[in-house]
């Protein structure tokens, strides 16, 4: 019997509605598997916590999380607290302190879901975006002077290190080696960004030489975004910097039918620190409390956690159950259905038990 300690941060908005759904699925998988168990420690860190305490988490928050096997997070951000406060007060410290440098987000059109792209079905959209998660454009380097005057100057510095660039690109190639479509596409903009992107390109092609069995290509981010729409079937693994990967993954979720389904894993591949699993969607304050939040992004993130913890068959079981439920027509309103969060969750639970 393998037991795992999971730190749970429901966060804000619908995070507090979909995290219980994700936990329920994890527990059902543990039951049918018989060889694993989860022990949860929940933390109330959120924008509500910030408004009460003046910070997104306590000073020893990272130390508390550090002893866990994984972090299961819902959503962060809510009206009344600036986004940069919630992001830099909770998510960024977790990702950087625990060296979660690989953000992995599957982009897959599941059965029963209609893509906004005409004529596309399951199999046409099935790839992975790997985003550099620790440096790049999301650095805290820069500043403002002469604020509020006509002479105001704002600087924002990007940070690209050889170590950080090599490890994320190498991770993408290693991931592609185990996929049906052994191909890595690099997102760049070296025709307009004169230092960081030519450096990124150089490292990409240096690493590509180490993987002769994997096809490699680079595309400028604007053309690549267009290709997501016109030729999504061409991609296997797409690797990008922090900013480019962030933008591409939201676009990927959109072409796959709904951002409510999008899942992500913020990984420390060396497993020296806990990794964090969270859906792509935000806190969705406009639907909080209505019981219609799509739980599948959280559920799929839980499946990615199962895979990372060493249970790939359990991951496949959850995704297969999700696919069956969607194909049967049980969907939340964001997918054109009428089912509630609870109904979708219950249907996935039933399908897991049936398949197992």
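The values are calculated or read from the model by the stated rules, or taken from the named source; none is laboratory data. If you're wondering where the values come from, they're calculated on a predicted model, not measured in any experiment. Neighbour counts run over all protein chains shown; Cβ positions are idealised from the backbone, glycine included.
Going by what's in this entry, would residue 256 be described as closer than 30 Å to residue 119 by Cβ, touching a helix residue (DSSP H, G or I) at 6+ places or on another chain (Cβ under 7 Å) and touching a residue at least 60 places away in the same chain (Cβ under 8 Å)?
So residue 256 does not fit the description; no.
Out of curiosity, is residue 187 in a helix (DSSP H, G or I), modelled with pLDDT of 95 or more and surrounded by 11 or more Cβ atoms within 10 Å (Cβ to Cβ)?
No.
For the range 72-93, give me each residue that is buried (at least 18 other Cβ atoms within 10 Å of the Cβ), within 23 Å of residue 139 (Cβ to Cβ) and in contact with a helix residue (DSSP H, G or I) (Cβ under 7 Å, 6 or more places away or on another chain).
Of everything in the range 72-93, those that are buried (at least 18 other Cβ atoms within 10 Å of the Cβ), within 23 Å of residue 139 (Cβ to Cβ) and in contact with a helix residue (DSSP H, G or I) (Cβ under 7 Å, 6 or more places away or on another chain) turn out to be 76, 77, 81, 86, 89.
Hey, does the range 94-104 have a residue that's more than 28 Å from residue 58 (Cβ to Cβ), surrounded by fewer than 22 Cβ atoms within 10 Å (Cβ to Cβ) and in contact with a strand residue (DSSP E or B) (Cβ under 8 Å, 6 or more places away or on another chain)?
No; the residues of the range 94-104 include none that is more than 28 Å from residue 58 (Cβ to Cβ), surrounded by fewer than 22 Cβ atoms within 10 Å (Cβ to Cβ) and in contact with a strand residue (DSSP E or B) (Cβ under 8 Å, 6 or more places away or on another chain).
Among the residues of the range 125-153, count how many are surrounded by fewer than 15 Cβ atoms within 10 Å (Cβ to Cβ) and either on the phi < 0 side of the Ramachandran plot or not in a loop (DSSP other than H, G, I, E, B) (or both).
13
With assigned by TED's automatic domain parsing to the domain that holds residue 295, at pLDDT 95 or above, surrounded by fewer than 20 Cβ atoms within 10 Å (Cβ to Cβ) and part of a helix (DSSP H, G or I) as the only criterion, which of 5, 27 stands out?
27
If you scan the range 327-343, which residues turn out to be farther than 11 Å from residue 291 by Cα and buried (at least 17 other Cβ atoms within 10 Å of the Cβ)?
The answer is 330, 331, 334, 335, 337.
Where in the range 262-356 are there helices (runs of 4 or more DSSP H), lying wholly inside it, with at least 1 residues that are without any contact (Cβ under 8 Å) to a residue 60 or more places away in the chain and more than 17 Å from residue 108 (Cβ to Cβ)?
312-327, 341-355
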